1. With charges set only on the Cβ (+1 for Lys and Arg, -1 for Asp and Glu), what does the dipole of region 3-231 come to about its Cα centre, in debye to the nearest 20?
2. Rounded, prolate or oblate: which fits region 3-231 when a ≥ b ≥ c are the square roots of the eigenvalues of the alpha-carbon gyration tensor, with rounded for a/c under 1.5 and prolate only if a/b beats b/c?
3. So for region 113-173, taking the charge dipole from beta-carbon charges (+1 Lys/Arg, -1 Asp/Glu), which of 125, 170, 135 sits furthest toward the positive end?
4. For the peptides 8-14, 77-83, what is the packing order when you average, over each peptide's residues, the other Cβ atoms within 10 Å and list the highest mean first?
5. Would you mind putting 142-153, 125-136 in packing order, based on average other-beta-carbon counts within 10 Å, highest first?
6. I want the local charge near residue 220. Using Cβ-Cβ distances under 15 Å, sum +1 for each Lys or Arg and -1 for each Asp or Glu among the other residues.
Amino acid sequence: MTLVNLLSLVAFILIAVVLVVRMPSIVREPSSRLAWLAALFGCAAFACVGVVVPLDTLDGWLGGTNVVNLLQNVFATAAFWFIMQASRTLDGTAFDTRSLWQLPAMVAAFSIPFFLIPGRGPTSSDFIKVYADDPMLWAYASIYMSCVAYIMFRMLAGIRGRAPRQYIAIRIGAWAVAAASVLEVVYLTLRVLDAQPTTFVELVGDAFVVPFYGGVIVMAIGMAGFAFVSRTRASVLVALRVLLLQANAQRGLDASVAAAPGEDAYDTYRLAVRLTDIANSEPLNWRERAILRAATRVLDRQMSAPAVVRMSGTPQAVAP
């Protein structure tokens, strides 16, 4: 197994995990839908490398003229674009649907020169290097790599200053992919200027593999981290809501309120506010205060609006 296939297999597995983990939340969370689409296209892109079905078989279905390479790049561009949009909306920022035109425009920009490459067969895992001295191949691959670099720089600009630790992995991965994309354009330019590749030029071309595929893996780890934190936080909110319901019920919570459906942050917040109101008029016991303190910490991190529930506003007296 080559290094490219090994890294592609690792990336495929990680992205497939994100695809599965994000599935329950794609209906209610816009950023989860975007991340799920990124994972879907990412899996499709790495499948085109041959980690699921052999490359010769895949390309044979398409005529054996390396069309699978184009498909891989189309899927990869879509994956990068959606992960860029997902990372920019994870803090609650709305997805701007007016930007959707960018994706088909980029795909068209590098697809046209691909079909102008003369004699693209037979199937080759080194398609780019084999045809690197052709000007149309240079245009095809350089435009694709430029699109990827553009997407990465847009993502880095959009998430600048974001605090969650998962963004660290996304930033590192994005910088690695952007650097690899620039490196590949340099290699393609050197090749098209000199049809006889030198050792140095080939070293430049080989240097693309680790930062590009490694960057994708690191970004996938970051997105998986967001999915894991989201699922864990949702479970914590459900548990806190149950405890807050019990504490409020012991203080005379109306039965209809206690039976109200809902397990999101705002339900938990509503119950925490009510318990805080009680605390402002009568002392809470140690268990109630512990529940309220835990709910406050989680809600302050979970809710985008400034939280009203603060332990500093809760009386310090404890019921006997």
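A short reminder: the numbers here are calculations on the coordinates, not readings from a lab. No experiment lies behind these values; they were computed from the predicted model shown. Neighbour counts run over all protein chains shown; Cβ positions are idealised from the backbone, glycine included.
1. For region 3-231, the charge dipole is close to 1060 debye.
2. Details: a/c = 1.83, a/b = 1.65, b/c = 1.11.
Here region 3-231 falls in the prolate category.
3. 170
4. Working: 8-14: 19.9, 77-83: 25.0.
Sorting 8-14, 77-83 by mean packing, highest first, produces 77-83, 8-14.
5. Order by mean packing, descending: 142-153, 125-136.
6. So the surrounding residues net to +2.
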